[in-house]
1. So, for the chain, what is the accessible surface per residue at a probe of 1.4 Å, expressed in square angstrom?
2. By the scheme Lys and Arg +1, Asp and Glu -1, what is the net charge of all other residues having a beta-carbon under 13 Å from that of E136?
3. Can you compute the FRET efficiency between S115 and S311 using 1/(1 + (r/R0)^6), with r the Cβ-Cβ distance and R0 = 51 Å? Round to the nearest 0.05.
4. Once you have a ≥ b ≥ c as the square roots of the Cα gyration tensor eigenvalues for the range 128-209, tell me rounded if a/c is under 1.5, and otherwise prolate or oblate according to whether a/b is larger than b/c.
5. For the range 23-221, which whole percent of the accessible surface, found with a 1.4 angstrom probe, sits on carbon and sulfur atoms?
6. Can you classify the range 53-95 as rounded, prolate or oblate using the Cα gyration tensor, where a ≥ b ≥ c are the square roots of its eigenvalues, rounded means a/c under 1.5, and otherwise it's prolate if a/b beats b/c and oblate if not?
7. Give me the tail of P(r) for the chain as a percent: Cα-Cα pairs with distance above 40 Å.
8. Starting from 0.36 nm per residue, how many nanometres of slack lie between A274 and V165 once their C-alpha separation is accounted for?
Amino acid sequence: MEGMKPRIALPPFPRFRGRLHDARTATSIGRWLGLAITVCFLTGVTSHYLQRPPDWLADLLPSRPTWGYRFSQGLHVASGIAAIPLLMAKLWAVYPRLFVTPPLRSVRHALERLSVAVLVGAGVFQLFTGLLNIVEWYPWPFSFVPVHFAVAWLLAGALLLHIVVKWPEIRSHWGLRSAGTLELPAEDAADRRSLLTAVGAGVAAVTLTTVGQSFTPLKRLDLLAPRHPDHGTQGLPINRTAYAAGVSAESARGWRLTVAGPKPYGLSLAELEALPQYEVRLPIACVEGWSVEARWSGVRIRDLLERAGASPRSRVRVVSLERRGAYRVMEMGATYAEDPMTLLALRLNGEVLSLDHGFPARIIAPNRPGVWQTKWVGGLEVL
Ligand SMILES: Nc1nc2c(c(=O)[nH]1)N[C@H]1C(S)=C(S)[C@@H](COP(=O)(O)O)O[C@H]1N2
Ligand SMILES: [Mo]
């Protein structure tokens, strides 16, 4: 088994005298990085299928627990942010290997280096695009969701391959007790502890100063988070304003909800308000990593479906008044339509919805990504 210490390099390559650029450091940090990436991958895949289920899955997605999407998306963003200092430390530990001589020793060595290049490239790409996504900055020409999703699989595959290839080294460096058998110089121990403590403190710092945007009890600490749960009208952040969506008080005037089904009908706002109203506490859990719970009240979707002569277990298409935009049209599977907590909400935290939060009416459903909590609803269609 080759060791991790690079051979003494010839000029013009740099020389590395730091003692912690070794397999032990790489393993100590790598296992936490591996854990963070695994959690991030699993929660990311969960989020993807909740947001864009294939047709066969759409009517089977669970509408409970109500906090499910909030939890998995919060964990996705938190594990991704925690992975950033871990990845930086890991790259620091191993980067002298970039300069090994000769650069390629054999076909096997070339393949191994290529797989590491893919791993590092995909890892940096995912964390970078994810981080910019949560600040809603998209400075690239491609569409974020499909590319971030595809590269996630590349990263998962490259990581798995890396773990398999490095398994003998990982295993021998994993436990603390094996240290004695590895002839690690005792004088490294204190430096090693300092390095790992610093990395741990970095992870704790970035986590604690951002996680409050989805985990409200820590909201007072969310100094570095792009979103704050209390910033926004009616005690709730706003992702897309009415102005940006091209919806105005004018366009909402004379509004009637249209419901297309076996027995189609329309209802004015006053008529909707006269129907039985229900109140629910549900979060908006944005795919961009912020979540806040609020008190919503309005009419149950299942009641509106029954009134149209449809089964409450129907798939529904919801169309917004918004002229254009990726979230103008939304489809809701039968499990959500049927859930008594799924409302066409008219009120938020006891007040009539503000225009930015979707006046005259918006969707609120349990265990769904924020993108599908459609604002400015114009019509429902039973499918
Ligand atoms: N019609 C429409 N509804 C929409 C959106 C949109 O762009 N258009 N944005 C969605 C997103 S991404 C989120 S997170 C929530 C945010 O709701 P809020 O602005 O009321 O907090 O609304 C959703 N509803
Ligand atoms: Mo969102």
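The values are calculated or read from the model by the stated rules, or taken from the named source; none is laboratory data. As the structure is a computational prediction, the values presented were derived from the model and not from experiment. Positions of Cβ are backbone-derived with ideal geometry, glycine not excepted, and every protein chain shown enters the neighbour counts. With ligands, DNA and RNA removed, areas are computed over all heavy atoms of the protein, side chains included. Shrake-Rupley method; radii C 1.70, N 1.55, O 1.52, S 1.80 Å.
1. 50
2. Result for the neighbourhood of E136: +1.
3. According to the calculation, E is roughly 0.50.
4. Because a/c hits 1.5 or more and a/b fails to exceed b/c, the range 128-209 counts as oblate.
5. For the range 23-221, the apolar C and S fraction of the accessible surface comes to 74 percent.
6. oblate
7. 30
8. 32.6 nm is the gain from fully extending A274 to V165.
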